[in-house]
Amino acid sequence: LERPALRALIKVTLFKHELTGKPMVLEGVFVGGSAGKAEGKLLQYHPLSLCNTSEDERQDGDFITIVKLERRVPRCLPLLDKANMALEKGAQAVIFDVSDDDQAAAELRETDSLPRPVILVDAQDAEELMGLVNKNEEANVIIEIKVESKWPQYD
Amino acid sequence: QHKQISGVSSGCQQGGCLTCSDYNGCLSCKPRFFMHLERIGMKQIGVCMTSCPPGFYGTRSPERNTCTKCRSECDSCFNKNFCTRCRPGFYLHLGKCQETCPEGLVRSDTQRECV
């Protein structure tokens, strides 16, 4: 019996609205048995930056990596290795936008050995997140496990 | 529908770009160009350059030419093991940046070299 994938709540607060703003709440799916809580500032990584362990940028403070996967970028490593590399670079969690790479979702769902949360997002949730990145809107992200209500609503 | 136009589109109007997308910038470069991953605030986009910026060196390979960061004590370099200019507090000797100089040589702060 396949275990249902746990859903993630992604609460996003823009730095400029930190005191007053209500967080934007998006959703994703945990993969690799990695469900859990995490927090940090949102930071984009280009898919090609997760190819080798060159001594590139070190980040200070907690951060959560977001990577928009694209089928046109040749896969330099399996996605599990990319996820682990992002976590080794210090990410508290990794969000993969799989809107344009549906194979990625299938590939990542097979894993079960990730030390920290890895979440897949697509469609509207991904568009909202990448929209922030595109406008360089610095934001803090909190990731939690979505608790499904016990009794499904029957209309 | 998210815009993905190869060549030139709003997010990646650069001569050296072969394929690109609005969110990641260049995804691949034309022959002879180097792919440099540039951090701009929270964003990181691909940029195709004829030569790598200071602090990075170019590596050519069949799949991709890339810019890789020099060692941390190095301001500019030919490759990972051959530095050409050191960061303040380090002194160049035989392509290496060191905090002290070998016997018989002294530290030049202006040139950041063992002389």
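Coordinate-derived values only; no laboratory data. This one's a predicted model, so the numbers in the text were calculated from it and none came from an experiment. Note that we place each Cβ from the backbone using ideal geometry, even for glycine, and neighbour counts take in every protein chain shown.
What the table below lists for this structure:
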| item | result |
| --- | --- |
| Residue mean of other protein chain beta carbons inside 10 Å, B:42-52 | 4 |
| Rounded to 5, percent antiparallel among DSSP beta bridges of the protein assembly as shown | 75 percent |
| Most mobile listed residue (A:84, A:140, A:52) in chain A, GNM with C-alpha springs under 10 Å | A:52 |
| 222 nm mean residue ellipticity, helices alone, for chain A (DSSP H n ≥ 4; -39,500 (n - 2.57); rounded to 500) | -5500 deg cm²/dmol |
| Estimated FRET transfer efficiency when R0 is 41 angstrom, pair residue B:72-residue A:102 (beta carbons, to 0.05) | 0.55 |
| Proximal lysines to residue A:11, defined as alpha-carbon separation beneath 29 angstrom and excluding residues fewer than eight positions away on the same chain | A:22, A:37, A:41, A:68, A:82, A:89, A:135, A:146, A:150, B:3, B:43 |
| Cβ crowding within 10 Å averaged over residues, with B:84-91, A:37-44, A:61-68, B:100-107 ranked highest first | A:61-68, A:37-44, B:84-91, B:100-107 |
| Calculated from backbone phi, Karplus (6.51, -1.76, 1.60) coupling profile of the stretch A:64-75 in Hz, x at Gly/Pro | 10, 7, 10, 10, 8, 7, 9, 4, 6, 8, x, 6 |
| Calculated FRET value between residue A:25 and residue B:64, using beta carbons and R₀ = 41 Å, to 0.05 | 0.60 |
| Within 10 Å of each Cβ in A:133-140, the average number of Cβ atoms from other chains | 3 |
| Chain A - percent relative contact order, Cα under 8 Å, separation 6 or more | 36 percent |
| Rounded if a/c under 1.5, otherwise prolate or oblate - the stretch A:82-136, Cα gyration tensor axes | oblate |
| Shielding by other protein chains, B:100-107, mean Cβ within 10 Å | 0 |
| Charge sum, other residues only, whose C-beta stays under 9 Å from residue A:144's C-beta, Lys/Arg counted +1 and Asp/Glu -1 | +3 |
| ³J(HN,Hα), Karplus 6.51/-1.76/1.60, whole Hz, each residue of the stretch B:56-64, x for Gly, Pro | 9, 10, x, 10, 9, 8, x, 7, 6 |
| FRET E, pair residue B:18, residue B:96, Förster distance 45 Å, beta-carbon r, rounded to 0.05 | 0.80 |
| Cα shape, the stretch A:22-105, gyration tensor, a/c 1.5 rule | oblate |
| Overall form of the stretch A:56-155 per C-alpha gyration tensor (a/c, 1.5; a/b vs b/c) | rounded |
